[in-house]
Amino acid sequence: MLEARKNESPEASYVASLYAKPDKMLEKIGEEAVETIIAAKNDDRDQIIYETADLWFHSMVMLAQKGLSPNDVLRELARRFGVSGHEEKASRK
C-alpha cells in the first residue's frame, strides 16, 4: 500500500506528500515519538495506542521510502532474541 502511493500526487495523497518531503517525514516521526512518550507518561491507554499507531505508520513510510520493509526490522528483532540487551549494546561499541 505504501509503495503504491509513491507515484501519486502529493496533493492527493498524504503518504505521497511525505515521500516528496523526506525531512518533513522525519519530523513527523519525531513528533509522533514525543506524543507517544507523553501519552505513556500520562498513563492514557487509548492515547498510547493512538499515538503508537501514528509512530508506527510514519516509521513504515520512512522504511518504504528507504527501500526497507517492516520485515527487515522484524528480522533484526529476531536476530537479537535471546541476546542480553546489555550485551547487544556493548557489541555496537
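Tabulated results
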| item | result |
| --- | --- |
| Listed residue (A39, L68, H86) projecting farthest to the positive dipole end of the chain, Cβ model | H86 |
| Which label in (i) 69; (ii) 45; (iii) 61 gives the computed percent of Cα pairs over 17 Å apart | (iii) |
| Helix-only [θ]222 nm of the chain, DSSP H runs n ≥ 4, -39500 (n - 2.57) each, per residue, nearest 500 | -22500 deg cm²/dmol |
| The chain: chymotrypsin sites (Phe, Trp or Tyr not before Pro) in DSSP coil with no more than 16 other Cβ atoms inside 10 Å | F81 |
| Computed Kirkwood radius, in angstrom, where 1/r is averaged over Cα pairs of the range 22-70 | 11.0 Å |
| Stretch gain in nm, segment A20-A40, where the contour uses 0.36 nm per residue and the Cα spacing is subtracted | 4.1 nm |
| Stretchable slack from L63 to R80, in nm (0.36 nm times residue separation minus alpha-carbon distance) | 4.2 nm |
| Whole-number percent relative contact order across the range 3-91, with pairs defined as alpha carbons under 8 Å at least 6 apart | 20 percent |
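The numbers here are math on the coordinates, done by the rules we state, and not lab data. Quick caveat: nothing in here was measured; it's all calculated off a predicted structure. So basically every Cβ, Gly included, is an ideal-geometry build from the backbone, and we count neighbours across all protein chains shown.
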